[in-house]
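Let me begin by presenting the structure, written as structure tokens, before commenting on it.
The values are calculated or read from the model by the stated rules, or taken from the named source; none is laboratory data. A quick note: this is a predicted structure, and the numbers were derived from the prediction, not measured. Quick reminder, even Gly has a Cβ in these numbers, built from the backbone with ideal geometry, and neighbours come from all protein chains shown.
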Amino acid sequence: MSQKNQQRIFLVGPMGAGKSTIGKSLALVTQKAFLDIDEEIVRFAKRSIPTIFQEDGERVFRQIETQVLKNCLKYDAIIATGGGIIGKEENRAILKENGLVIYLHASVETQYLRTLKDNGRPMIAVEDRRAKLNEIFNVRYPLYKEVADLEIDTNTHTVHECVEQIKAKLKEMSWNLSL
């Protein structure tokens, strides 16, 4: 762990886990820059994520996602990743080698409730959203666990409580982030 960049934190987890919200808050308290990979993909591709999926498919989206992840390595920042970034072995290696990886855990039920009114998520644009979330979770959960240096349960905690837990755990690890 001592080889890792101590100024970069990646937040991984399923959609609805709070990666962007918690990431912004964590960036504020640590006075770090915040990057949201989904926003960076839109800027890089000059198209929305649903449009990329619709026009080019998931395979092309994942290629763009990997390129954007590599581009983000130029910055010492709090980086919120997309839920599926851990699907590629190359991305998991990049995450593990280039910063601290915090897995924000949210149950399928929590994900379902938090994404209920969000129709901009191509992976769950299906009839039975709960079943699709469950299917995705079963595939990705072991991959989140594989890359995680820390795990934070976001099911019942507020954003503030999650940030405080992260700060406390970073302190325990003597992580060199200005807290």
(request) Taking only the stretch 60-111 into account, find how many residues are in a helix (DSSP H, G or I), surrounded by fewer than 19 Cβ atoms within 10 Å (Cβ to Cβ) and touching a residue at least 24 places away in the same chain (Cβ under 8 Å). (result) 10
(message) Here are the criteria: (1) on the phi > 0 side of the Ramachandran plot; (2) within 15 Å of the chain's Cα centre (by Cα); (3) of a type outside the set (Lys, Arg). Tell me which single one residue 174 does not satisfy.
(response) (2)
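Can you tell me which of 164, 135, 146, 127 is farther than 18 Å from residue 15 by Cβ and either touching an Asp or Glu at 6+ places or on another chain (Cβ under 6 Å) or free of Cβ contacts under 8 Å to residues at least 24 places away in the same chain (or both)? It would help to see each step written out before you state the result.
Values: 135 fails: farther than 18 Å from residue 15 by Cβ; 146 fails: either touching an Asp or Glu at 6+ places or on another chain (Cβ under 6 Å) or free of Cβ contacts under 8 Å to residues at least 24 places away in the same chain (or both); 127 fails: farther than 18 Å from residue 15 by Cβ.
It is 164.
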(request) Quickly run through the stretch 129-179 and pick out the residues that are surrounded by fewer than 19 Cβ atoms within 10 Å (Cβ to Cβ), over 20 Å from residue 25 (Cα atoms), at pLDDT 90 or above and not basic (Lys, Arg). (result) 131, 134, 135, 137, 138, 139, 141, 142, 146
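Let's see how each residue does on (1) within 21 Å of residue 66 (Cα to Cα); (2) touching a residue at least 12 places away in the same chain (Cβ under 8 Å); (3) part of a strand (DSSP E or B):
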| position | (1), (2), (3) |
| --- | --- |
| 10 | yes, yes, yes |
| 14 | yes, yes, no |
| 21 | no, yes, no |
| 28 | no, no, no |
| 38 | yes, yes, no |
| 42 | yes, no, no |
| 51 | yes, no, no |
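Any residue that is under 16 Å from residue 145 (Cα atoms) and buried (at least 20 other Cβ atoms within 10 Å of the Cβ) - is there at least one of those in the stretch 33-52?
To start, the set of residues in the stretch 33-52 that are under 16 Å from residue 145 (Cα atoms) comprises none.
No, the conditions are met nowhere in the stretch 33-52.
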